[in-house]
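Note sheet for the following structure.
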Amino acid sequence: MVDQTLAKYRALHIACNNAGIGGPLAPTREYPIDGWEKVIGINLSGVSYGMRYQTPAMLATGGGAIVNIDSMLGQAGTKSAPAYVASKHSVVGLTKAAALEYATQNIRINSVGPGYIKTPLVTNTLDAATLKVIEGMHPMGRLGSITEIAELVQWLSSEKASFVTGAYYNADGGYLAQ
């Protein structure tokens, strides 16, 4: 992707690493090893690999901004999802480490931790009763929207956030405030 971007636009100034899966649900002691490896591979290693190729491209053209999409569970825990929680906590740490490494080189790196967002994955796979329960987990009493997350990513990618790096921004309808 980075090579294609450079070929077409001759520079990379903004990147957003946004891929993740929930994985199996099971207690930590019973969690399937193949499930663990898949979740960690996509949710954590995917972000790391993205930054591995994005940062040199940004350095070559004067800098930029990277936003890693995390989760509210990058700051909290939940039962029966140890791989997901571990991967998302790790993305927060990876973001902070990389932000420190590139802070003096004009690359800002931040992460966003959404709560449950109204996406087809959520609305097409959960029944109405389950959706009601999930909405109730958020003090605002609703799911977030894709646009609300995109607006935060856009701000973090803009010059308006020029003094922001190494930060984690939760956009979770108040979930973490509880």
- Query: Are there any pairs with C-beta distances below 6 angstrom linking a residue in segment 166-178 that is in a loop (DSSP other than H, G, I, E, B) to a residue that is of a type in the set (Phe, Trp, Tyr), with the two at least 6 apart or on different chains, and if so which?
  - Reply: none
- Query: Filtering segment 74-97 down to residues that are hydroxyl-bearing (Ser, Thr, Tyr) and surrounded by 17 or more Cβ atoms within 10 Å (Cβ to Cβ), which residue is nearest to CYS16 (Cα to Cα)?
  - Reply: THR95
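For SER48, indicate whether it is in contact (Cβ under 8 Å) with a residue 12 or more places away in the chain, under 28 Å from ILE134 (Cα atoms) and either over 13 Å from the mean Cα position of the chain (by Cα) or part of a helix (DSSP H, G or I) (or both).
Numbers: in contact (Cβ under 8 Å) with a residue 12 or more places away in the chain: yes; under 28 Å from ILE134 (Cα atoms): no; either over 13 Å from the mean Cα position of the chain (by Cα) or part of a helix (DSSP H, G or I) (or both): yes.
When the stated conditions are applied, SER48 does not pass them.
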- Query: Among the residues of segment 143-178, how many are in contact with a helix residue (DSSP H, G or I) (Cβ under 8 Å, 6 or more places away or on another chain) and either exposed (fewer than 12 other Cβ atoms within 10 Å of the Cβ) or not aliphatic (A, V, I, L, M) (or both)?
  - Reply: 8
- Test: residue in segment 14-37 that is closer than 23 Å to ALA161 by Cα, at pLDDT 95 or above, assigned to a helix (DSSP H, G or I) and touching a strand residue (DSSP E or B) at 6+ places or on another chain (Cβ under 6 Å): no
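The values are calculated or read from the model by the stated rules, or taken from the named source; none is laboratory data. Just so we're clear, the structure is a prediction, and the values are computed from it rather than from any experiment. When we count neighbours, we look across all protein chains shown, and the Cβ atoms used for this are built from the backbone with ideal geometry, even at glycine.
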